[in-house]
Structures are given as C-alpha cells and as structure tokens.
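The values are calculated or read from the model by the stated rules, or taken from the named source; none is laboratory data. If you're wondering where the values come from, they're calculated on a predicted model, not measured in any experiment. Quick reminder, even Gly has a Cβ in these numbers, built from the backbone with ideal geometry, and neighbours come from all protein chains shown. Note: areas computed on protein heavy atoms with side chains; ligands, DNA, RNA excluded. Shrake-Rupley method; radii C 1.70, N 1.55, O 1.52, S 1.80 Å.
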Amino acid sequence: MKQVVPPSITGKGSGYAAGGSVLDHRFGRGEPYTLGVEEEYMLLDAETFDLVQHVETVLAAVSGDELGDQIKAELMQSVLEIATPVCRTAADVERELRKLRAYVGGVAAEKGLRVGSAGTHPFSLFERQRITARDRYRQLVDQMQYVARRELIFGMHVHVAVDDPEKAVQVVNGLLSHLAELLALSASSPFWRGEPTGLHSSRQMVFAAFPRSGLPPRFRDYADYAEVVGQLERTGCIADYTHIWWDVRLHPRLGTVEVRICDAVTRVEDAVAISAYCQALVKLYSEQHDAGREIPSYHRILTSENKWLAARYGLEAPIMDLATGRRNRVPVAQLVRRMLRDLEPHARELGSERELEGVRELLARGSGADRQLRVFNANRDIVEVVREIAEATEVATVPA
C-alpha cells in the first residue's frame, strides 16, 4: 500500500495534539475495511538457490512499467518488496497478488533468477548480503549495527482501513490476543543458516532484537498514542512512526491498522486466507466498539507467552485460551476454528467468505513451515527446500 500514501493533511479532524505537535491521520478518509498487502520476496540464483544481490537489476527492468511503482527495494539487495493497490475484498487481494507474483517471477526469469516467499532463507548467510544503496538503509545500519546486518528475514504485512482513530486504537488492542493465531498460520521459517532451529518461525526470534518491535503497549486513546510517538520524534529517537515496528500498529497516514506479525507466506492461497482473517477480525472489533461493548484485553505476559508458543510449535502450539480462561492449554488450530465461526458472518458481509474458508484448508494442509520440514526430512537436502519454496511461490502465479 505504500504507493497510495497521501501528502500530509492538516485541518480540523485530521490530527491530535501530541505535546505541541500534531500526528496527522487519514482514518475515515476512505472506505472502511479496504485491504492492502505487502510481501517481501527472496531473489534466488536459478541454479544454486542461494540469495543473490540483484534487486537493482530487477528494479531497472520494471522501471516505467505500470506495475513498477508497486515494486521496491528493501534493506538488503537480495530482497524485493511488492505492494498491492487498495483492495475492497480478499478476492481483489488474490487477483493483485497473482498479478504481481507473475510479473516479478517473469522479470526475474528473464534475468536468470528465481523468487521465493518464506520467512527466512533456509541456508543463506546474512554476512554475505549487501546493504541496499539508499540513505535510509545505510543510516539504519549505522544506528543498529549488527542488529540490522542480521535482519535477513521476510514478512507479509496486511493493512485494513478503519474509519475513526479512536476506534483504530481499540481494534489494535483487540487484535493483541489473536497474534499467536496469525503467527501460527503464517509460520514459514523453520531454518536459519542451514540448520533446522526447532522453531516454526525463526524470523520472530531474529526480529525480536530490533528496538520498538514485538507486541505494542495498549493505548487508552489516539491522543495517548500520539503523545508517545511525538515524544520519540521530538527527542530524535525516530524519524517518524514508521520506525516503530510492532507486530500490529496504527498507520495514520494510510488510515489503516497494519498487521505485521506474519512471516512471508509461500502459497498465495494462504496469503489471501490470512488477509481475509485479518479483515474480518478488524470488522468484528470495529463493530464491538461501535456498539459500546468492551473489547477484551489481557496482560502482556499472557499474550507474549502465546506468541512464543506459536513461534515454537506453529499450528500445533498449545496456547492459553485467554477468552475462556480454561486451566488447560489448547491447540492454537482449535482456537482458530472456533474464531472462524465468529468471523464467517463478517466475511460474508465483506464479500470475502470464500477466501476466509481458505484458513480451514490451510489448517488441514499445514503451514509453510510444516511443508519445509517435510521436504527436508525426506532427503536432508536444504537446497531442495529452497527449490520447493520457489516452485510453490511461482506456481501460485497461475490465474485462479
């Protein structure tokens, strides 16, 4: 969604005072519940399936094309990011992701490259990656040193529009208890530096070293949020709020709630299903807020523990059922199925019922991490794992 960032807005209703500053926003400036998805892809050598430092080659090839503005560089030269335009339904997301994956895959093939989507590259080393020649990324490495150099990870971010800033804050608070579900569904990084880590999402452990990452605090209201961000900006700790990398955050300039916890997802069907899940969750909590009902919240220690369990065990994670307070832990997949019953009416109203059903198919088939581990266990061949990632990423470009 980065290509639709509007210019700064001022005027009545556009922002809240934050210690003498104003944090402008576009909540309510567009249709609620619209979607946007960003995916980060690996650039791979077509023979060795190692990462290659060729993002500038790809960007030069797409320059001037109608899809060129939706493709950009990231921190490392072996990473490519795509962003969909604003979509009304999850079906629109599917169409746009297929189009972008097909286009990027085709451009890469012309240059003797492959692309792959997963939370980590199973065997490439961060020490061999080059930083992209952009001031933003050089400054980031200068500030964070080893922490930034080690960030050879790939994510998927889902934006959902909300029509009011106060509501958006409460929606984020409600989403905190669902982050373990979203992480388990998207987990696709069981390898790091050529080794099986025993985790389903190694990406989470790597990114945890970043400042201003992980679970966000619960804010009282938008003014509370704006005051915190304003303090960080005024003191020079951050340039702007986009340097806050929480698992779920407000994106005021877009007027969205942004879910950032997900690993990059290999199969496009799974990416679409998770997007539909996020969209329906945002609608559920938006309507609870509109009805004046209290949105449940839980202690940070509890939601953090569930997140860790999801990163460790994936869809088999035995997590705490915070909603019912049961003494025994339950499989996260069981909680997802229960949540689907609550979300299905909302997905139906959004026109995304069929895409939400893809979550059940994902549960039955297993996550990207499950697939990678099955491939590896067959022959103990780590290169075969990356080849399978590339093929599954590219097969998904066939039109639905």
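For the reader, a short list of remarks on this structure follows.
- Working note: 222 nm ellipticity from helices only, DSSP H runs with n ≥ 4, each -39,500 (n - 2.57), summed and divided by the residues of the chain, gives -13500 deg cm²/dmol to the nearest 500.
- Between D135 and R29, the contour length at 0.36 nm per residue exceeds the alpha carbon distance by 35.0 nm.
- Placing +1 on each Lys and Arg Cβ and -1 on each Asp and Glu Cβ, with no other charges, gives segment 215-347 a dipole about its Cα centre of roughly 440 debye.
- Remark: the D50-A109 segment gains 19.7 nm on full extension, using 0.36 nm per residue and subtracting the alpha carbon distance.
- Here the chain is scanned for trypsin sites (Lys or Arg not before Pro) in DSSP loops (not H, G, I, E, B) that have at most 10 other Cβ atoms within 10 Å, and the longest stretch holding none of them is 131-292.
- In this structure the chain gives 41 Å² per residue of accessible area when probed at 1.4 Å with all protein chains present.
- In segment 40-140, the inverse of the mean reciprocal separation of distinct Cα atoms equals 14.2 Å; this is its Kirkwood hydrodynamic radius.
- Dipole moment magnitude, nearest 20 debye, the chain about Cα centre, only Lys, Arg, Asp, Glu C-beta charged: 820
- Cα-based shape type of segment 248-349, given that a ≥ b ≥ c are square roots of the gyration tensor eigenvalues and the cut on a/c is 1.5: rounded
- Carbon plus sulfur fraction of accessible area for the chain, probe 1.4 Å, in percent: 48
- Potential lengthening between A209 and R327 on full extension [0.36 nm per residue; Cα-Cα distance subtracted]: 39.3 nm
- Reciprocal mean inverse distance between Cα atoms of the chain - Kirkwood radius, Å: 21.2
- Segment 149-278 - Rg (one decimal) and Dmax (whole number), Cα, Å: 15.4, 46
- Projecting the Cα positions of F191, Y222, H178 onto the charge dipole of segment 175-253 (unit charges on Cβ atoms of Lys, Arg, Asp and Glu, taken about the Cα centre) puts F191 furthest along the positive direction.
- Positive-end ranking of L284, A208, T242 along the dipole of the chain, with charges on Cβ about the Cα centre, is headed by A208.
- For the chain, the number of Lys pairs separated by eight or more positions or lying on different chains, with C-alpha atoms closer than 19 Å, is 7.
- Cα-centre dipole for segment 177-285 with unit charges at Cβ (Lys and Arg positive, Asp and Glu negative), debye to 20: 80
- Along the chain, longest interval not containing exposed GluC sites (Glu not before Pro), exposed being DSSP loop plus at most 12 other Cβ atoms within 10 Å: 67-293
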